[in-house]
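A quick write-up on the structure given underneath.
The values are calculated or read from the model by the stated rules, or taken from the named source; none is laboratory data. Since we're looking at a predicted model, the values are computed, not measured. So basically every Cβ, Gly included, is an ideal-geometry build from the backbone, and we count neighbours across all protein chains shown. The area values use the complete protein model at the heavy-atom level, side chains included, leaving out ligands, DNA and RNA. Shrake-Rupley method; radii C 1.70, N 1.55, O 1.52, S 1.80 Å.
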Amino acid sequence: MKADLFGPRPAVARVTRMHAVDAGHAPGLMPGWRTSMGGHFRCRRCGHDDGWSFDMTVSEIRRGLPCPTCNARKEGP
């Protein structure tokens, strides 16, 4: 049995993410963009629609974006 010198670790709240409902390319690259890939994101929990976000990699689109509405509820009083 291992004894923990600092006590139990506090649990980290999970981040609710919006998932891509559509993905595609922008018509062209804007100055400062790395890629023209983007996605249209919507939260499955609260229905928040973020619209289109560009300059993302494929893995960022698959991972999703944090939902501002659901995550604000977790942090608030």
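Extending each Cα 7 Å along its Cβ direction at LEU5 and LEU29, get the distance between those two points in nm, one decimal.
About 5.0 nm separates the two model spin labels.
Name the long-range amide H neighbours of ALA23: under 5 Å, sequence gap of 5 or more, or other chain; modelled H, no Pro or chain starts.
Those lying under 5 Å, H to H, from ALA23 are HIS40.
With a 4.7 Å Cβ cut-off, tell me which Cys residues in the chain come up empty for a partner.
Among the cysteines of the chain, those whose Cβ sits 4.7 Å or more from every other are CYS46.
Could you tell me which residue out of THR57, CYS46, PHE6 lies farthest along the dipole of the chain toward its positive end? Charges go on the beta carbon: Lys and Arg +1, Asp and Glu -1, centred on the Cα centre.
Positive-end residue among those listed: PHE6.
Along the Cα→Cβ direction, 7 angstrom out, place labels at ASP22 and PHE54. What is the inter-label distance in nm?
Simple spin-label model gives 1.5 nm for this pair.
Report ³J(HN,Hα) in whole Hz for each residue of region 37-42, in order, from the Karplus equation J = 6.51 cos²θ - 1.76 cosθ + 1.60 where θ = phi - 60°; Gly and Pro get x.
Once rounded to whole Hz, the list reads 6, x, x, 9, 10, 9.
Just by accessible area at a 1.4 angstrom probe, what is the order of MET56, MET37 from largest to smallest?
MET37, MET56
Computed from these coordinates, which is Cα extents along the principal axes in Å: (1) 58, 27, 21; (2) 32, 31, 15; (3) 34, 26, 20?
Among (1) 58, 27, 21; (2) 32, 31, 15; (3) 34, 26, 20, the one derived from this structure is (1).
Tabulate in residue order the Karplus-calculated ³J(HN,Hα) for region 15-28, using 6.51 cos²θ - 1.76 cosθ + 1.60 with θ = phi - 60°, rounded to whole Hz; enter x for Gly and Pro.
Values per residue, Gly and Pro as x: 8, 7, 10, 7, 9, 6, 9, 7, 9, x, 10, 6, x, x Hz.
Could you put HIS48, HIS25, HIS40 in order of accessible surface area, largest first, with the 1.4 Å probe and the full protein assembly present?
Greatest to least solvent exposure: HIS25, HIS48, HIS40.
State to the nearest 20 debye the size of the charge dipole of the chain about its Cα centre, where the only charges are +1 on K and R beta carbons and -1 on D and E beta carbons.
400 debye
For the chain, what is the accessible area per residue in Å², given a 1.4 Å probe and the full set of protein chains?
80 Å²
If I stretch the segment between THR69 and SER36 completely, what's the gain in nm (0.36 nm per residue apart, minus their alpha carbon distance), one decimal?
Here the segment from THR69 to SER36 would lengthen by 9.2 nm.
In terms of modelled amide H atoms, which long-range or inter-chain residues lie less than 5 Å from the amide H of MET18?
LEU65, CYS67
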